[in-house]
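Worksheet for the structure shown next.
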Amino acid sequence: MPRLVPVSDAAIAEAAALLRAGKLVAFPTETVYGLGGNALDGKAVAAIYAAKGRPNFNPLIIHVADVAALDELIEWTDDAKLLAAHFWPGPLTLVLPRKKTAPVSLLASAGLDTLAVRVPSHPVARALLRAVALPIAAPSANASGKLSPTSAAHVAESLGDNVDLILAGGKSQVGVESTVVNVTGGTPSILRPGGITREQLSMILRRDVPVFDTAAQDEKALPSPGMLSSHYAPHLPVRLNVASPEKGEAFLAFGPDLSAQPRDGYRNLSRSGGLSEAAANLFALLRELDDPAFTAIAVAPIPDTGLGLAINDRLRRAAVR
Ligand code: TXA
Ligand code: MG
């Protein structure tokens with residue numbers, strides 16, 4: 001079994017030392033747990049792809065403790081500066097032109113001339129990034145194509161011995177990944193909906209920020225290769241927008257549900273109909289219902305506004321076979 005260590009100053013110092021030595025450390029962020037490796041070290045980055053079983057063309061997000069650390073990695077644009085000032089630290093990833101002199105492993109950005117960067121807000125992630133003082137490449141700490149982890153136990157289940165240390169820091173508060181925004185120049189667009197909403201982005205940039213339409217593109221042209229359709233897959237089939245489940249199905253409800261009898265395989269994302277609460281619960285409840293005792297996971301309709309955009313994006317991917 002992997003080493004699961006409660007957060008302490010000593011644990012953070014040990015995790016930083018492991019990262020400097022080219023090892024992999026899983027750590028909590030406000031969105032989901034990340035599987036970190038030194039972004040400057042090609043071997044460490046290769047070990048991340050291997051641990052996840054991730055196709056090499058899918059680039060990684062580079063995490064740093066503060067904005068200043070990005071100056072040697074990327075070319076700033078005005079839109080990026082505005083979004084960074086408003087939403088960092090926090091659940092936002094900016095895709096920017098990669099500096100020619102950036103020391104980041106080319107494997108981390110999968111050969112693209114852009115780099116995805118993020119300053120997380122979780123206190124443990126921040127303490128670790130400050131202690132290691134290196135840019136850290138960190139995808140979600142799950143096997144490729146599977147549900148993202150929102151607790152240390154999820155990481156242990158999904159990655160087993162493929163991670164050298166897991167910093168156990170409780171449940172991730174946001175529960176869905178960061179919003180990935182293309183701000184390389186021209187019209188900014190959302191490559192992956194996430195913890196910062198389209199409405200929030202549009203307000204700060206004072207114009208609508210469209211969601212990049214993956215359906216209209218062929219896979220090779222995708223600017224964000226992680227948006228492949230089958231992703232976040234539970235083992236069971238997933239059925240969406242279901243008002244009442246069929247016999248044998250597990251049910252993931254949303255909002256007050258007075259008619260539902262207490263039954264096996266019933267979970268509610270948020271009884272009060274709160275989208276933040278629903279996002280925080282999403283991956284953990286999908287895991288709980290992903291049990292061969294059921295034929296499928298039926299999911300109630302979720303409103304497509306605010307954080308609902310990210311929730312529905314993950315659910316649609318979970319439903320692709
Ligand atoms: O919340 C998060 O973002 C979590 C935590 C750990 O920070 N990380 C995460 O990483 O979700 P990952 O690797 O599972 O997803 C990264 C996403 C993928 O969709 C990937 O294709 C996209 O970011 N991406 C990375 N680099 C890119 C680039 N240069 N251009 C476009 N998309 C990029
Ligand atoms: Mg992921």
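Points to keep in mind about this one:
- Residue check for residue 138: more than 9 Å from ligand 1 (Cβ to nearest atom) and modelled with pLDDT of 95 or more: no
- Strands (runs of 3 or more DSSP E) enclosed by segment 55-154 - at least 3 residues per element that are over 16 Å from residue 192 (Cβ atoms): none
- Qualifying residue in segment 33-42 (condition: without any contact (Cβ under 8 Å) to a residue 60 or more places away in the chain and surrounded by fewer than 24 Cβ atoms within 10 Å (Cβ to Cβ)): no
- Matching residues, segment 290-318, being more than 17 Å from residue 273 (Cα to Cα) and touching a Gly at 6+ places or on another chain (Cβ under 6 Å): 294, 295
- Near pairs, Cβ below 6 angstrom, 6+ apart or cross-chain, from segment 113-131 (closer than 17 Å to residue 81 by Cα) to any residue that is among the hydroxyl-bearing types (Ser, Thr, Tyr) and near ligand 1 (Cβ under 8 Å from one of its atoms): 115/109; 116/93; 118/93; 118/178; 120/29
- Any hit, segment 139-159, residues being surrounded by fewer than 22 Cβ atoms within 10 Å (Cβ to Cβ), within 16 Å of ligand 2 (Cβ to nearest atom), among the small types (Gly, Ala, Ser) and on the phi > 0 side of the Ramachandran plot: yes
- Taking the numbered list (1) under 24 Å from residue 311 (Cα atoms); (2) within 16 Å of ligand 2 (Cβ to nearest atom); (3) surrounded by fewer than 24 Cβ atoms within 10 Å (Cβ to Cβ) in turn, residue 92 passes all entries but (3).
- Strands (runs of 3 or more DSSP E) contained in segment 230-321 and holding at least 1 residues in contact (Cβ under 8 Å) with a residue 40 or more places away in the chain and within 26 Å of residue 213 (Cα to Cα): 297-299
- Qualifying positions in segment 163-205 - part of a strand (DSSP E or B), touching a Pro at 6+ places or on another chain (Cβ under 7 Å), in contact (Cβ under 8 Å) with a residue 24 or more places away in the chain and more than 16 Å from ligand 2 (Cβ to nearest atom): 166, 167, 168, 181, 182
- Look at segment 6-24: where a residue is more than 15 Å from residue 125 (Cβ to Cβ) and a partner is surrounded by fewer than 18 Cβ atoms within 10 Å (Cβ to Cβ), sitting 6+ places away or on another chain with Cβ atoms under 7 Å, you get 22/43.
- Within the span defined as segment 245-265, every residue fails to be within 16 Å of ligand 1 (Cβ to nearest atom), surrounded by fewer than 20 Cβ atoms within 10 Å (Cβ to Cβ) and at pLDDT below 95.
- Any strands (runs of 3 or more DSSP E) falling wholly within segment 4-46 and containing at least 2 residues that are over 15 Å from residue 170 (Cβ atoms) and under 17 Å from the mean Cα position of the chain (by Cα): 34-38
- Residue tally, condition within 21 Å of residue 186 (Cα to Cα) and either in contact with a helix residue (DSSP H, G or I) (Cβ under 7 Å, 6 or more places away or on another chain) or more than 12 Å from ligand 1 (Cβ to nearest atom) (or both), over segment 90-112: 5
The values are calculated or read from the model by the stated rules, or taken from the named source; none is laboratory data. On a predicted model such as this, the values are computed, not experimentally measured, just so you know. Neighbour counts run over all protein chains shown; Cβ positions are idealised from the backbone, glycine included.
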